[in-house]
1. Give me a count of the residues in region A:64-74 that are facing chain B (nearest Cβ under 9 Å) and either surrounded by fewer than 24 Cβ atoms within 10 Å (Cβ to Cβ) or more than 8 Å from ligand 4 (Cβ to nearest atom) (or both).
2. Looking at region C:169-228, which of its residues are closer than 30 Å to C:A292 by Cβ, within 21 Å of the chain's Cα centre (by Cα) and either touching a residue at least 60 places away in the same chain (Cβ under 8 Å) or away from ligand 2 (no atom under 16 Å from the Cβ) (or both)?
3. Would you please name the residue that is surrounded by the fewest Cβ atoms within 10 Å (Cβ to Cβ), looking only at residues in region B:123-168 that are assigned to a loop (DSSP other than H, G, I, E, B) and of a type in the set (G, A, S)?
4. For B:P536, are the conditions met, namely being at the interface with another protein chain (Cβ under 7 Å from one of its Cβ atoms) and either assigned to a helix (DSSP H, G or I) or under 26 Å from A:I40 (Cβ atoms) (or both)?
5. Residues that are within 12 Å of another protein chain (Cβ to nearest Cβ) and closer than 11 Å to C:T201 by Cβ: which helices (runs of 4 or more DSSP H) entirely in region C:218-304 hold 2 or more of them?
6. Any idea which residue in region B:534-543 is surrounded by the most Cβ atoms within 10 Å (Cβ to Cβ), counting only those that are more than 6 Å from ligand 3 (Cβ to nearest atom) and closer than 18 Å to A:T79 by Cα?
7. Could you go through region A:6-16 and let me know if any residue there is part of a strand (DSSP E or B) and in contact with a His (Cβ under 8 Å, 6 or more places away or on another chain).
Amino acid sequence: MSNNGKFEPRIVAFLCNWCTYTAADTAGVSRMKQPPNVDIIRVMCTGRIDPVFVLKAFAEGADGVIISGCHPPGDCHYTNGNYKTFRRMPLVEMLLQQYGIEPGRFHWGWISGAEAPKWAELTREFTEQVRKLGPLNWKKQFASKED
Amino acid sequence: MAKITITIDGKPIQTEEGQTILEVCRKNNIYIPTLCYHPVLEPYGACRLCTVEVTRHGWPSLHTACTHPAWDGLVVRTNTAEVRAVRKTLMELFLSRTPNVPLIQEMAAEYGVTEPSYPVEDPNEKCILCGLCVRVCNDMVKAHVLNFSSRGVDRKVGPPFMEKTRECIGCGACTIVCPTGAIEIVLQKNAIYAAKPLGPTAAIYVPSLQAVPRVPVIDTDSCIRFRQRDRSNGEIEDACGACQMLCEANAIDFTQQDEILELNVGAIVVATGFQMWDSTKLSQYSYGKSPNIITALEFERLSNAAGPTGGQILTADGVKPERVAIIHCVGSRDKNPNAHEYCSRICCMYSLKQAHLVRDKTHAEVYEFYMDMRAFGKGYEEFYERVQEEGVVMVRGRGAEVQVLPSGKLRVTGEDANLGKLVAVDVDMVVLSSAIEPPADAQKIAQLFGLSRTPDGWFAEAHPKLKPVETNTDGVFLAGAAQGPKDVPDTVAHAGAAASMAVALLNRGEVTISPQVAVVDEKFCSACKTCLNICPYAAISFIVEDNVARVNEALCKGCGTCVATCPAGAITGKHFTDDQIMAQIEGLFRVPELVEA
Amino acid sequence: MPGNGKLKLGLYWAASCGGCEIAVVELREKLLIVDQVADIVFWPCATDFKYKDVEAYPDGYMDVCLFNGAIRTSENEHLAHLLRKKSKVLVAFGSCAYEGCIPGLANLFDRESIFRRVYLESESADNPNKVVPQTAYHMPEGEIEIPKFYNTVKTLGQVTDVDYFLPGCPPQDPQIWAVIEAIVSGNLPPKGSVVGANEKTVCDECKHVREEKKIKKFYRYHEIIADSTRCLFDQGIICAGPATRGGCGALCTKVDIPCRGCYGPPPNVVDQGASLLAAVASVVDADTEEEARRIVSEIPDPIGTFYRFSLPASLLHRARR
Ligand SMILES: Cc1cc2nc3c(=O)[nH]c(=O)nc-3n(C[C@H](O)[C@H](O)[C@H](O)COP(=O)(O)OP(=O)(O)OC[C@H]3O[C@@H](n4cnc5c(N)ncnc54)[C@H](O)[C@@H]3O)c2cc1C
Ligand code: SF4
Ligand code: SF4
Ligand code: FES
Ligand code: FES
């Protein structure tokens, strides 16, 4: 996406309903400064986040992806959905790396409902980080007829 | 037990067999003086002060009531001239042995004996050789430390060879039974108070005046019976037991064990309250540097009628303070990272109450350092007015510092914003209205019940206005200060609401579950069993007959973890389906095109 | 059905190993039955038809074309378009045509790096003039055009419209036969269907006994002697069976070789690799992130492991260039 020719990263964030989504909600209600680049998709728990969603987001054109939920060990509203997340995501990182997607484009971690400022800060920092990495534009990888 | 009738001082008394005359008298409020008797010990007949006249088979004679059994038909006279004469002689002997023991002086006076009738050997002697200590140490405590040694006039009480012994367990039982104060335990008072700030309690005690149910508990670390059992590796099984002997309801059961009860419940109210913020965290208040700088909670204990001073407000030196400063907002409304940014809400009002108590009980001058007075509730503003009228000096401004002066006095400085001046007062006692904060284990509790916490650390209610007692976990409710600072009326209101919600839930008899559950499409489930270990609620089970996994919708909470796990794509998370989420992702990147078109 | 009432059948071999051709030959005596019901009008591997013969056919002349192989070169793509035009039913035959298969793993690289490795750096290369494939070459007879080697391997379905997909590397003969029967009988499923395979996964056909999964350590196949009664996945060997469409009869696990995934994703799965990855990682028995990281870091080559047959067909199709 470009804005007067300037690169504006598109970031998709998958957040669990109970922790980070709540934090994001609070951040919004509290008028904390957040870049408009991050689009949030809410799931009930990070355990619901199928790695395919991450790939799909990149495939569709995301320049960065965020996954965030409740702090382990015990904050997860469903006891241990976040365990499944921290088991899956390191492997997703390895996969993305092999796909040639820089580690800086994928963030996963934990932000509790009480940490609205941390969420706002993450969106700011991550957006800047992805901005520096430049556009990913995955569709172009495959679109050209000639190749 | 057989019924008997005995006649005491001309009055027939119906009672049961198996008691001594003294016991029957005691039960019937007939006074007989004693010195060597103790209800939990075997009678000994050493002091003979309980002498009464007993008529057996028609022949009256003198006997000690503490040892004489009460038989059917016995006639007892407790106060004949002859009896009194015997007791008088005894008191003459006692007073001559221990002329300076108040109890002996008093008892002797009852028989008109005011001066020792015989030469006094040692005016400091206190022991009357009643043997209570010996019996308690041997028969009850079973420590076998004390005994008599020598005979006749040399008879005395003490440990073997009058040497210190390791066998003494320091239980203090001997000091308690000794009628004359002849035995003292040298109490390490400071050490005891350091270990138990509000003072020692008995080994058996009621946890608090408000305890529900109001029954005593035994502190097995202090109880002689348990200590002896542990010391002897179980060999000494039956030490002491005094409480058991005395309890008429027969309620003491030493075989009881701590039990962990597992209850199946339909609702839980979390009412874990608050803890006091650690007042040493802001060093300017010098908490811990003088015993006269106390927190408001310590003040509550001090002024409590059941407290260590019986409710008197005294400094550590045991005198009434002449000047007291109360400092509000200590650790509250403070951006210092060691303190809390929030208002603890209850302190203004309890500080006013404490100011009132100090004025009322000691007439001391009271200085209240406050930032602003939050008299938020019904009747509270009126109370504030009243306390002002009582002459409490209000200093508007945060108390800045407490210094301990070399004299031991405390200097409180702060700004009086109304005067625009720095003020300093020297006082005898400082009360810190310290912040309240979530208990240290709040996070553990949050995790246990799946609760969230607000940024200040208190448990989060499901909705700040509409669901003030509900939480995000069905069936778990919040009550009181656990949800945020509250005074008692607010706590009671909140707790009442939580209780009603819980009862309402239970009475409904059925629960509504959310529709976002997982379902296995059995056409695609290939029995790989990957999902079985995934569900935190064990909602997925494997149906052997059908060779498929199946979700129990009543157990499923809809987290969707299994949905993301099933490699066959056989599980659908209703309302959060793959198709829906994929469409959302696609949608994000279609929007600009739509706008352009 | 034209003339003699026989089907007009074409077979083509694009970027693939030839195993699919062998699979057809493996029909053995049934080939004679094929001959009774069909006239083969194009099969470069076995018969001498030229491209120009096909070009001369009217559009839709062939009743069925079984197209195996991925689209690696411009020639593959050209033939894909041509055969599409000339066939009524175009079948992506085998894993390469269906999802890219082993040739598709070349999508981890691009043309330049492949040429470099193959023609210049490989241990057996003797290429002093550093010649790499060109698209045009000057011969004494004139300029000849050589097909272009694409950067990215594609599936048949990614370059043209495909009627049916018959998975397998190669497809198993009973399945091929079932499809041929269906075509002969005209009893065809809806367009776009995967044919000759099951709706359930390989696990459904697998003899190994499965239990709840908890994996502390992953083993490569050669590192462990697998217990031949227990599920291989349960033993820490990554088996693609749970995320792979059945239909093969669990041939590999039958002999205790883990499934590699050649039948592609099961019906509801978009991305076979991600699905397998999610399943594998979810059952890692780790209670901390560090432990999880340590256990999964022992999985070598995630794309090769999870997308062995499906990289071109996956959501991301290829590694970034
Ligand atoms: C110094 C002081 C003076 C006050 N004076 C007044 C006053 O005059 N008037 C007034 O209205 N209010 C006063 N308050 C406020 C009053 O104390 C509170 O409103 C009230 O105590 C709140 O009650 P609660 O039951 O919510 O919490 P608490 O009283 O804190 O009770 C919580 C209980 O839960 C128990 N608990 C904690 N964790 C666990 C666990 N994990 N498992 C089991 N049990 C647990 C605790 O032991 C405790 O018994 C005063 C407060 C202070 C600090
Ligand atoms: S993970 Fe999926 S296919 Fe495997 S048993 Fe569970 S529901 Fe069936
Ligand atoms: S959605 Fe969550 S709670 Fe429901 S069955 Fe699946 S894993 Fe269990
Ligand atoms: S609910 Fe937030 S990670 Fe599970
Ligand atoms: S009380 Fe009976 S003899 Fe002392």
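The values are calculated or read from the model by the stated rules, or taken from the named source; none is laboratory data. Model, not experiment: these values are computed from the prediction. Neighbour counts run over all protein chains shown; Cβ positions are idealised from the backbone, glycine included.
1. Let us first name the residues in region A:64-74 that are facing chain B (nearest Cβ under 9 Å), namely A:70, A:73-74.
Filter once more, so that each one left must be either surrounded by fewer than 24 Cβ atoms within 10 Å (Cβ to Cβ) or more than 8 Å from ligand 4 (Cβ to nearest atom) (or both): A:73-74.
Result for region A:64-74: 2.
2. Initial filter on region C:169-228 (closer than 30 Å to C:A292 by Cβ): C:200-204, C:206, C:208-228.
Of the ones still in play, those that are also within 21 Å of the chain's Cα centre (by Cα) are C:200-203.
Those that are closer than 30 Å to C:A292 by Cβ, within 21 Å of the chain's Cα centre (by Cα) and either touching a residue at least 60 places away in the same chain (Cβ under 8 Å) or away from ligand 2 (no atom under 16 Å from the Cβ) (or both): C:K200, C:T201, C:V202.
3. Going residue by residue through region B:123-168, those that are assigned to a loop (DSSP other than H, G, I, E, B) are B:123-131, B:141-146, B:150-151, B:155, B:159, B:163-168.
Keeping just the survivors that are of a type in the set (G, A, S) gives B:131, B:143, B:150.
Details: B:G131: 22, B:A143: 24, B:S150: 8.
This residue is B:S150.
4. Details: at the interface with another protein chain (Cβ under 7 Å from one of its Cβ atoms): yes; either assigned to a helix (DSSP H, G or I) or under 26 Å from A:I40 (Cβ atoms) (or both): yes.
Yes.
5. Values: elements: C:251-254, C:272-282, C:289-296.
The qualifying helices (runs of 4 or more DSSP H) are C:272-282.
6. Pass one, region B:534-543, residues more than 6 Å from ligand 3 (Cβ to nearest atom): B:536, B:538, B:541-543.
Now narrow it down to the ones that are closer than 18 Å to A:T79 by Cα: B:536, B:538.
Numbers: B:P536: 19, B:A538: 10.
Within region B:534-543, the match that is surrounded by the most Cβ atoms within 10 Å (Cβ to Cβ) is B:P536.
7. Just the residues of region A:6-16 that are part of a strand (DSSP E or B), to begin with: A:6-7, A:11-16.
Applying the additional criterion that residues be in contact with a His (Cβ under 8 Å, 6 or more places away or on another chain) yields A:16.
The answer is yes, given that some residue of region A:6-16 is part of a strand (DSSP E or B) and in contact with a His (Cβ under 8 Å, 6 or more places away or on another chain).
Listed here are the residues, each with its yes/no results for (1) out of contact with any Asp or Glu (no Cβ under 9 Å at 6 or more places or on another chain); (2) assigned to a loop (DSSP other than H, G, I, E, B); (3) closer than 30 Å to C:K191 by Cα.
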site	(1), (2), (3)
C:Q134	yes, yes, no
C:I144	yes, no, no
C:Y150	no, no, yes
C:Q158	yes, no, yes
C:V162	yes, yes, yes
C:C169	yes, yes, yes
C:P174	yes, no, yes
